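Colleague: Shown below is the structure under consideration.
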């Protein structure tokens, strides 16, 4: 604990006044997030999925962003067309061996719209409703989700947007972090949803760029198993205190909850699809949950 305190003091000493504002920004009191909209129930990262998640009462729409050849931000977990969900223009399914050749960064948005990502039966989510849909632009997602929420008398959603980037694939499957962030922020600013935006990433370069250039935007630090570093070590590498710490749910412990609360960092784990585990994590003191099945949240309220 002493080590964590010393590291947090070091981070704060290296941080501008903006970070205090950044960390204090409000997210929902308890954040019920729909993973990729509601992947267990509707085609992932699509407008119908986001609308249905709003119907189910989520506070935040979790989604993944990639960039097209013509610099459009579209929603996709991979920077290519995943074989599990994609149907080609000729009606055949994308094969696992060829999926990475369908590189979204080398396609225009119009070209990506020719691929269907909602009709192929999902091998891991048999309850997922089948719909003819394509990967939407972030611009259109915000328009559609906000309009739908107003129409249904629901609160406007927060947007938790992940930058899908790695050092190894810079300028191959996506732009470098600075351009990636700027393209997303261009949409966020145009739509005037800065206060409802969270940017998340496993790629700390993205988060560090955001912290420096857009200190008012809420930042979520993602990480997964295997975890070879402690909480304190991860914060030291990041170099500042994020708004949200978002680990694989298997890494959440009472100690981690305590550490986050001491530093004023929200703890929102992913991806929890079992209601008993949801209850246990909520009782432990996490600040939100991310699930493929946001219909389960009604059992927690």
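A short reminder: the numbers here are calculations on the coordinates, not readings from a lab. Every value quoted in this text rests on a predicted model; they were computed, and no experiment measured them. Neighbour counts run over all protein chains shown; Cβ positions are idealised from the backbone, glycine included.
Colleague: Under the definition of Cα pairs under 8 Å and six or more residues apart, what whole-number percent is the relative contact order of the stretch 113-211?
Modeller: Relative CO of the stretch 113-211 lands at 24 percent.
Colleague: Let me ask something else. Of all alpha-carbon pairs in the stretch 157-285, indicate the percentage at a distance above 17 angstrom.
Modeller: Summing the P(r) of the stretch 157-285 above 17 Å gives 60 percent of all pairs.
Colleague: Moving on to the next point. Please report the Cα spread of the stretch 137-190 along all three principal axes, rounded to whole Å, starting with the longest.
Modeller: So the three principal-axis extents are 44, 18, 14 Å.
Colleague: Mind checking Rg over Rh on the stretch 28-88, alpha carbons, Kirkwood formula for Rh?
Modeller: In the stretch 28-88, Rg relative to Rh is 1.02.
Colleague: Report, largest value first, the span of the C-alpha coordinates of the chain along each principal axis, in whole Å.
Modeller: Each principal axis gives a Cα extent; for the chain these are 61, 43, 38 Å.
Colleague: Hey, what did the stretch 217-279 get for relative contact order, percent, Cα under 8 Å, at least 6 apart?
Modeller: Computed value for the stretch 217-279: 34 percent relative contact order.
Colleague: Under the classification rounded if a/c is under 1.5, otherwise prolate if a/b is larger than b/c and oblate if not, where does the stretch 112-164 fall, given a ≥ b ≥ c as square roots of the Cα gyration tensor eigenvalues?
Modeller: prolate
Colleague: OK, next. Can you give me the angle between helix 204-213 and the longest principal axis of the chain, using Cα atoms only, in degrees from 0 to 90, rounded to the nearest 10?
Modeller: So the inclination is approximately 70 degrees.
Colleague: May I pose another question? Based on other C-beta atoms within 10 Å, arrange 291, 165, 216 from fewest to most.
Modeller: Working: 291 27, 165 24, 216 12.
Ascending number of Cβ neighbours within 10 Å: 216, 165, 291.
Colleague: Do me a favour and compute the ellipsoid semi-axes for the stretch 221-269 from its Cα gyration tensor, root of five times each eigenvalue, largest one first, whole Å.
Modeller: Those come to 14, 13, 10 Å.
Colleague: Could I ask something else about it? With n ≥ 4 as the cut-off for DSSP H runs, can you work out [θ] at 222 nm for the chain, using -39500 (n - 2.57) per run divided by the number of residues, rounded to the nearest 500?
Modeller: -9500 deg cm²/dmol
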